[in-house]
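Structure, as structure tokens:
The values are calculated or read from the model by the stated rules, or taken from the named source; none is laboratory data. None of these values were measured; they are calculated from a predicted model. Here the Cβ positions follow ideal geometry from the backbone for every residue, glycine too, while neighbour counts run over all protein chains shown. Protein only, heavy atoms only, side chains kept; ligands, DNA and RNA dropped before computing areas. Shrake-Rupley method; radii C 1.70, N 1.55, O 1.52, S 1.80 Å.
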Amino acid sequence: MPKSFRELLKETRGGVAEISADELKKKLDEKAPVAIVDIREKDEIVQGHLPQTTFIPRGYLEIRIEERVPDRATEVVLYCATGIRSVLAVKALREMGYEKVSSLKGGFSHWKDVGYPYVVPQVLDASLRKRYDRHLRIPEVGEEGQLKLLNAKVLLIGAGGLGSPAALYLAAAGVGTLGLIDSDVVDESNLQRQVLHATDRIGTPKVDSAEKTIKGLNPNVVVKKFKERLTSQNVLRVFEGFDIVVDGSDNFATRYLVNDACVLKKIPNVHGSIFRFEGQLTVFAPSLGGPCYRCLYPEPPPPDLAPNCDEAGVLGVLPGIVGILEATETIKLILGKGRSLVGRMIALDALDTTFREYKLRRDKDCPMCGEHAEFKGFIDYEEFCAIAR
């Protein structure tokens, strides 16, 4: 004889285990090894969810549970809005061989009503979903990755040749906060390669010009401007709160200062450099197992071996290529996806259109990140570079 839904629910509920909100809260407080699975639909989760939750919509539960909870001996607690769908889902997992599965009695609604802590997730509104639609289609990014980008804070050293393309593409990708430090003003000679700026802004501070371009591209980005030169006195203040530093500086004193501050604060340093038709790119990050800038360059080279762009010139498109690659590495670090350039360096020859990869190793005797390194404070980096030369 056919059964009504109520009859089916009553029969099922009598044969499955239910756990009260009090019992589950105690397990969480005691850090018990329990897998909590939210089987609600996506539009329900925006109301909030339990801490330490794995999300598998009911329609995908049997398909995805083995990937998320591979050990069938693990204690599993399922919950939905009111504890009805989760009761029915318990039976399905028991049939799949999960040994200890229960349903949260009363579901999320009861958990919330009794005042237990829950998380209200950040979500993309309709406008943001439209803007980042192509990111949302990529499994490696999706909504979770886009939210990581929106919450990220990236500091760019310089709003010039490398900083321009990096800033544009990081802003377009939706990096929520971009810091820009540059004490210079826009000069006509910059416009051949520094695409953040424009002819009508000649004489304007670069950070102000950059902000105008970034806001025109993506008004949601927060731009933190530092209209000053990076020094030993201000570096810790400037770096405060940032997750990643993108170094587009063109002098050795700044590069050593950026490196030392990044090592000290354990911030990845996405480093790029350019010269005529050649470019280099790497990620210095001892905190991620790679070397720092001092491992590769213990001392600055003589000036005749390392003229800057003002002295030697640079192909206008070259900083665009290297700067975009810096943005790419930054986005990968934020998302936690792909193979970063930590421990590797890419060298570009634009005349031959060739890329070469070099392995970089951490120097155990490095004065900044080595095994016995002891930080004694920031130095006069300009004097250090002058003496070393």
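Quick one: work out the % antiparallel among DSSP beta bridges in the chain, nearest 5.
That works out to approximately 35 percent antiparallel.
Cut-off under 23 Å on the C-alpha distance; same-chain residues fewer than 8 positions from Lys206 excluded. Which lysines are left, in chain and number order?
Within the straight-line limit of under 23 Å, Lys206 reaches these lysines: Lys153, Lys215, Lys224, Lys225, Lys227.
For Lys26, list the aspartates and glutamates whose Cα falls under 19 Å from its own Cα; do not include residues on the same chain fewer than 8 positions away.
Straight-line reach from Lys26, under 19 Å: Glu18, Asp38, Glu75, Asp113.
For the chain, what are the per-bin percents of Cα-Cα distances with bins 10 Å wide, up to the bin holding the maximum?
5, 19, 24, 18, 14, 12, 6, 2, 0, 0
Checking the table Lys100/Lys337; Lys42/Lys112; Lys130/Lys337 against a 28 Å threshold on Cα-Cα, which pairs fail?
Values: Lys100/Lys337 34 Å; Lys42/Lys112 18 Å; Lys130/Lys337 23 Å.
Those over the limit are Lys100/Lys337.
In the calculated pair distance distribution of region 69-122, what percentage of Cα-Cα distances lie above 16 Å?
46
Report the net charge of residues surrounding Val175, where surrounding means a beta-carbon distance below 11 angstrom and charges are Lys +1, Arg +1, Asp -1, Glu -1.
Around Val175, the surrounding residues sum to +1.
How much of the accessible area of the chain, probe 1.4 Å, is carbon plus sulfur, in whole percent?
The nonpolar share, carbon plus sulfur, comes to 51 percent.
Give the ranking of Arg255, Arg40, Arg361 by solvent-accessible surface, highest area first, calculated with a 1.4 Å probe.
Working: Arg255 30, Arg40 5, Arg361 180 Å².
Final ranking, largest accessible area leading: Arg361, Arg255, Arg40.
So what is the calculated 222 nm ellipticity per residue for the chain, using -39500 (n - 2.57) for each DSSP H run with n of 4 or more, over all residues, to the nearest 500 deg cm²/dmol? Present the calculation step by step, with values, prior to reporting the outcome.
Details: 17 runs with 144 residues, N = 389.
-10000 deg cm²/dmol, from helical runs alone.
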